[in-house]
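Q: Structure in structure tokens, see below.
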Amino acid sequence: VLQGYAAEMDNPLMAHLISPELQNKKDILFGNMDEIYHFHNRIFLRELENYIEYPELVGRCFLDQMEDFQIYEKYCQNKPRSESLWRQFSDSVFFQECQRKLDHKLSLDSYLLKPVQRITKYQLLLKEMLKYSKNCEGAEDLQEALTSILGILKAVNDSMHQIAITGYDGNLNELGKLLMQGSFNVWTDHKKGHSKVKDLARFKPMQRHLFLHEKAVLFCKKREENGEGYEKAPSYSYKHSLNMAAVGITENVKGDAKKFEIWYNAREEVYIIQAPTPEVKATWVNEIRKVLT
């Protein structure tokens with residue numbers, strides 16, 4: 001892909017096949033695939049080869065390089081932009097010519113998906129290895145490597161949702177790390193509100209997608225898009241946010257094991273939040289508690 005497509009975009013002999021709108025878009029289309037390739041080629045593969053005789057110790061190899069695996073997050077974040085560009089130009093003569101020269105049965109988009117598939121495959125491989133390495137020397141490292149890779153997958157998944165937030169004025173990066181995101185039923189009760197608002201609030205919940213950052217929690221409304229691939233991915237229109245410095249939490253709401261309360265400014269605003277399951281509630285309550293303490 002890097003030699004047969006990306007490098008060809010800079011080849012003067014191919015320039016006449018590239019439409020003007022596609023020129024200078026190489027970074028959008030391929031993201032940091034070259035960075036991923038060089039990491040594997042120069043660093044990770046060599047490390048792995050040291051463990052050919054001791055496969056059960058391979059967890060160490062992952063742990064030593066865990067920082068570098070963050071490059072996948074960058075790749076996945078760029079993927080929606082890459083896909084939308086590919087859809088505009090997928091029938092371009094330039095791509096057809098590259099594919100013909102490479103003698104590839106599949107078109108470029110199948111290969112651009114590879115890094116996304118690769119990072120998800122690692123956790124399956126590590127799980128599988130762990131299954132056969134129960135009591136051997138490297139089992140702990142394998143377990144830790146698996147946990148770390150799952151952490152990266154969660155970060156990738158969360159950031160894919162986060163880049164779909166629309167209508168937020170500030171800079172999301174200033175809110176600190178994104179810790180959790182998910183969909184909930186939400187009821188609100190505002191002290192200052194009109195009594196009519198309070199009555200209404202008791203009955204019909206709002207569907208909200210919450211993003212918990214270190215410094216704020218964002219409430220968004222999910223919009224499903226109609227389309228293919230990433231076009232079908234939902235977008236989230238920003239509604240409001242609460243600064244974590246002024247938030248309090250009530251962990252149990254009587255009558256429902258899936259509900260908890262977030263309140264703001266000494267209960268001036270109260271949000272009753274219903275998670276899909278008691279387990280999801282527990283995870284969120286724990287994360288929020290960590291932020292508050």
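The values are calculated or read from the model by the stated rules, or taken from the named source; none is laboratory data. Since this is a predicted model, take the numbers as computed values, not measurements. Because the Cβ atoms are built from the backbone with ideal geometry, glycine has one as well, and the counts that use them run over all protein chains shown. When the accessible area is computed, the model is the full protein with side chains, heavy atoms only, and any ligands, DNA or RNA have been set aside. Shrake-Rupley method; radii C 1.70, N 1.55, O 1.52, S 1.80 Å.
Q: Which parts of the stretch 53-80 would a label at Lys131 reach, counting a residue when its backbone N lies under 17 Å from a point 7 Å out along Cα-to-Cβ?
A: Label zone hits: 56.
Q: At R0 = 41 Å, how high is the FRET efficiency between Glu35 and Lys221 if r is their beta carbon distance? Nearest 0.05 is fine.
A: 0.70
Q: Could you tell me which GluC sites (Glu not before Pro) in the stretch 108-156 are loop residues by DSSP with no more than 16 other beta carbons within 10 angstrom of their beta carbon?
A: Glu137
Q: Please report Rg over Rh for the chain, where both radii come from the alpha carbon positions and Rh follows the Kirkwood definition.
A: Value, to two decimals: 1.06.
Q: Ok, one more. Read phi for every residue in the stretch 248-263 and hand back ³J(HN,Hα) as whole Hz from Karplus 6.51 cos²θ - 1.76 cosθ + 1.60, θ = phi - 60°, with x for Gly and Pro.
A: Running phi through 6.51 cos²θ - 1.76 cosθ + 1.60 with θ = phi - 60° gives x, 9, 10, 6, 10, 10, 5, x, 8, 6, 9, 9, 9, 10, 10, 10 Hz.
Q: What number does the stretch 25-156 give for Rg over Rh if you use C-alpha atoms and the Kirkwood radius?
A: A ratio of 1.06.
Q: While we're looking at this one, here's another question. In nanometres, what is the gap between the two model label sites at Asn24 and Asn11, each 7 Å from Cα along Cα-to-Cβ?
A: 2.4
Q: Hey, another quick one. Could you let me know the centre-to-centre spacing of the stretch 93-165 and the stretch 202-221, using Cα atoms, in angstrom?
A: 30
Q: Provide the per-residue ³J(HN,Hα) series for the stretch 60-66, in order, calculated from phi with Karplus coefficients 6.51, -1.76, 1.60 and θ = phi - 60°, each as a whole number of Hz, with x at glycine and proline positions.
A: The phi angles translate into 4, 4, 5, 5, 5, 9, 4 Hz.
Q: Moving on. Efficiency by 1/(1 + (r/R0)^6): what FRET value for Gln117 and Ser92, r their Cβ-Cβ distance, R0 = 41 Å, to the nearest 0.05?
A: 0.95
Q: Give me the percent of the accessible area of the stretch 86-146 that comes from carbon and sulfur atoms, probe 1.4 Å, all protein chains in place.
A: Percent of accessible area from carbon and sulfur atoms in the stretch 86-146: 51.
Q: Per 0.36 nm of contour for each residue apart, how much would the distance between Arg267 and Asp189 grow if the chain were fully extended, relative to their Cα-Cα spacing?
A: Extending this stretch completely gives an extra 27.2 nm.
Q: Taking Cα atoms, how many degrees apart are the long axis of helix 278-292 and the longest axis of the chain, rounded to 10 and kept between 0 and 90?
A: It works out to around 90 degrees.
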